[in-house]
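Novice: First the structure, which I've put down as structure tokens, then a few questions once you've had a look.
Rule-based calculations on the coordinates, nothing more; no lab input. Note that the structure is a prediction, hence the values are computed from the model and not measured. Neighbour counts are summed over all protein chains in view; Cβ atoms, including those assigned to glycine, are modelled from backbone coordinates with ideal geometry.
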């Protein structure tokens, strides 16, 4: 018997679940299909910024300190300088990706979303899609199937910029966090992200342009960090992933819309991937309710602007050690400026404030 739904979301990761929850909130009957089964894991820094937590709350996903470990702000560290700042209003939360996914699954079920796990999607049809060998009829199709999206290919949507691939390795250590900030350690074309997850667990992710990178040899780039982790027991197996910067000219075609990494990606260096996908989910639900996917296209472009600008800036620091050295030294000389940049990063500032801060950074850079 053919199944019928208003919205079929292909991909059951956090972005797909957010799209499903947001659509249900607009009154749609929603089905999510994924070839995997929960909890779905993915390599990431596992630190949720304040704006990410706020968007999750609007979706009805309530997270607490019992789900992870709060952090107050960010710290940038290189061989020459160190600068830190706290978030201007509320803090972030370090939380395992699997815990976050399970919380979102529970919220989706509470909303009435139909979840089809172990149900690979083999193609789109005129009326919907083929899921687990059976046809599902849907008014709208949402592709939330990640950076290598098949829905994107099936619908004829293409990326409009070359991807800048980088490679990540993640490890969990049973070691007490030594700071209440997420740390970003800068090395030669490599960064180490350190996120407190629990009182006895810390997440470390290394990101590099080298596809052959492995954690133990790469940690030698950061002697102080390696010393803190020396002898610590591992609490999980190592995992790897690919991250990239790319964009699409169009994120919808006919009744198909893309969201999350399927609709274009920002490098993991920004820490904005999840928040962006959650904001896209809300914008997409608004467009579906209006029956106008072009409305989503415009919102998608607007939402991606700030993370893309920040991503390009941070990747510039990755590629140009001299620029990074002067920038971090300038910020260390004026820590309040780093706090202002952090406020921009999490969207807690006006456009005028952003311009003024950018000009101030430029002046400090020249003076450094």
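Novice: Taking every pair of distinct Cα atoms and averaging 1/r, then inverting, what Kirkwood hydrodynamic radius in Å comes out for segment 166-243?
Specialist: 12.5 Å
Novice: Okay, next question. Please report, in whole Å³, the volume per residue of the convex hull around the C-alpha atoms of segment 1-108. Intermediate values should be presented prior to the final figure.
Specialist: On the way: hull volume 12.7 nm³, N = 108.
Value for segment 1-108: 118 Å³ per residue.
Novice: Using only the alpha-carbon atoms, how far is helix 321-333 inclined from the longest principal axis of the chain? Give it as 0 to 90 degrees, nearest 10.
Specialist: Relative to the chain, helix 321-333 is tipped by roughly 70 degrees.
Novice: Follow-up. Could you work out how far the C-alpha centroid of segment 88-124 sits from that of segment 1-51, in angstrom?
Specialist: Here the answer is 6 Å between Cα centres.
Novice: Please report 320, 246 as a ranked list, fewest other C-beta atoms within 10 angstrom at the top and most at the bottom.
Specialist: Details: 320 13, 246 18.
Final ranking by Cβ density, sparse to dense: 320, 246.
Novice: Taking the highest mean first, how do the peptides 204-215, 23-34 order by number of other beta carbon atoms within 10 angstrom per residue?
Specialist: The densest-packed peptide leads the list: 23-34, 204-215.
Novice: Once segment 40-102 is represented by equal point scatterers at the alpha-carbon sites, with solvent omitted, what log10 I(q)/I(0) does the Debye formula produce at q = 0.28 Å⁻¹?
Specialist: -1.26
Novice: If we restrict to alpha carbons, what Rg and Dmax does the chain come to, in Å?
Specialist: Just the Cα atoms of the chain yield Rg and Dmax of 20.6, 71 Å.
Novice: Using label points projected 7 Å from each Cα along Cα→Cβ, tell me how many nm separate residue 134 and residue 333, to one decimal.
Specialist: With each label placed 7 Å out from Cα toward Cβ, I get 6.7 nm.
Novice: Determine the calculated [θ] at 222 nm for the chain from helices alone, applying -39500 (n - 2.57) to every DSSP H run no shorter than 4 residues and normalising by the residue count; nearest 500 deg cm²/dmol.
Specialist: Mean residue ellipticity, 222 nm, calculated: -12000 deg cm²/dmol.
Novice: Continuing with this model, one more query. Which angle between 0 and 90 degrees, to the nearest 10, do you get for helix 293-319 versus the longest principal axis of the chain when only C-alpha atoms count?
Specialist: The helix 293-319 is inclined about 30 degrees to the chain.
Novice: Which three extents, in whole angstrom, do the alpha-carbon atoms of segment 76-145 cover along their principal axes, largest first?
Specialist: Projected onto its principal axes, the Cα set of segment 76-145 covers 58, 30, 22 Å.
Novice: Quick one: helix 335-345 against the long Cα principal axis of the chain, what's the angle to the nearest 10°, folded into 0 to 90?
Specialist: 10 degrees
Novice: Further question on the same structure: For the peptides 143-149, 237-243, what is the packing order when you average, over each peptide's residues, the other Cβ atoms within 10 Å and list the highest mean first?
Specialist: Ranking, from highest mean packing down: 143-149, 237-243.
Novice: Relative contact order (percent) for the chain, with alpha-carbon contacts under 8 angstrom and 6 or more residues of separation? Don't skip to the end; give the middle numbers.
Specialist: Numbers: 773 pairs, mean separation 79.1, N = 368.
It rounds to 21 percent for the chain.
Novice: Let me ask something additional. If you average the C-alpha positions of segment 177-232 and of segment 250-278 separately, how far apart do those two centres end up, in angstrom?
Specialist: So the two Cα centres are separated by 27 Å.
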